[in-house]
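The values are calculated or read from the model by the stated rules, or taken from the named source; none is laboratory data. Nothing here was measured: the structure is a model prediction, and the numbers come from that model. Every residue, glycine among them, receives a Cβ derived from its backbone with ideal geometry; neighbour counts consider all protein chains shown. SASA here: full protein model, heavy atoms, side chains in, ligands and nucleic acids out. Shrake-Rupley method; radii C 1.70, N 1.55, O 1.52, S 1.80 Å.
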Amino acid sequence: MHTDDQLPAVRRVAVLGGGVNDEHDVSLASAAAVTRAVRALGLEAVPVTIGRSGAWGHTGGPPLSAADAVAVLSTCDVAFPALHGVNGEDGAAAGLLAMIGVPVAGSPVRAGALGIDKWVTKTLAEAVGIRTAPSVLVAPDADTASLPFAPPFVVKPTTGGSSNGVSVVRSVEQYGPALELARSTGDAVLVEQFVTGREVDIAVFRDRSGALRSGATLEIRVADGDVFDRSQKYDGTADFTVPARLDEAGHAALEAAAHTLYDRLGCAGVARFDFFVTTDGILLNEVNTCPGFTEQSQVPRMFAAVGLPYVALVDELLTAAVAAD
Ligand SMILES: Nc1ncnc2c1ncn2[C@@H]1O[C@H](COP(=O)(O)OP(=O)(O)O)[C@@H](O)[C@H]1O
Ligand SMILES: [Mg+2]
């Protein structure tokens, strides 16, 4: 950790976007927003993209060989990976950048790899006293005639994102197709009891002084019995309440759980912790170590609500990354 007056200068910032997964376009939107913010800070942005098939490039430019991409990244003072999902958020981007010695405004390999897997995250959360919905990991040859829980329950890929492959099963017949859908989107499949409650998220980052800073809580209004699906996430119809309707004790419980998870997972940069608030307390749903990051995304709204607008948030994350290096 450096003191402010010794911080290495940040001039060139690599912004990574795209990626080989079904959150490719979402990632490009996040990366474009970060690039605008970097330029608004008077810094040089170096947008580096990963195509759907894994080819490296510059936004709108010719393809780059992997060796050239590494050479370009190596010239940067810090990198901001806006890569959501597998082959990015899962530690892949952090690993590459760590091996070539570029500081990262985001989580290191371990936190990314743990956080991408919903089952592993739940296991860790339970071990540190944070409750999650009862669940089972489905065996690859599971018999779809025997249900793991009484419906309704939720079927989801362990490493998915953007609600891809997530279904609510309300009857026996729906189980087989739900499993098939989840398997087509990810490797392992998790089945969880349906939680009746409100969805409330909170985001945290560690700043340049080493302190954890939380954004406002954000509540997603979803119709009863329904899920927050891909179309609501990206078509502008998502109904967010910031801050969430929580009493002081509810807010404190959520923030304490998020801080514990941030530390136990070993996160850096910003991470978003998604909870259900039920009449019986809070349950962790999932952790996102590289959450959606356009100006309209949840995390920037949460921090804007506590007086840290988008460009200032990007500045904080870049400065924290070089301070921690
Ligand atoms: N156990 C559950 N009970 C009720 N709703 C759920 C449950 N798990 C997921 N959901 C709903 O599905 C949405 C997407 O599931 P989530 O696990 O967050 O996957 P993703 O990583 O794709 O966002 C959640 O935002 C929530 O609306
Ligand atoms: Mg989610």
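Charging the Cβ of each Asp and Glu at -1 and of each Lys and Arg at +1, and nothing else, the dipole of the chain about its Cα centre rounds to 420 debye.
Put simply, the C-alpha atoms of the stretch 135-193 give a gyration tensor, and the ellipsoid matching it has half-axes of 16, 12, 10 Å, longest first.
The share of C-alpha pairs in the chain whose separation exceeds 24 Å stands at 53 percent.
What percentage of the solvent-accessible surface of the chain, computed with a 1.4 Å probe over protein heavy atoms, is contributed by carbon and sulfur atoms? Reported share for carbon and sulfur atoms: 54 percent.
Taken as Cα centroids, the stretch 226-271 and the stretch 78-154 sit 16 Å apart, rounded to the nearest whole angstrom.
For the stretch 4-106, the normalised intensity computed at q = 0.17, 0.18 Å⁻¹ comes to -0.70, -0.79 (log10 of I(q)/I(0), Debye sum over alpha carbons, equal scatterers, no solvent).
The mean sequence separation of alpha-carbon pairs under 8 Å and at least six residues apart, normalised by the residue count of the stretch 135-193, gives a relative contact order of 47 percent.
With protein chains left intact and a 1.4 Å probe, residues in the stretch 4-106 average 42 Å² of accessible area per residue. Computed from the alpha carbon atoms alone, the convex hull of the stretch 72-112 holds 57 Å³ per residue.
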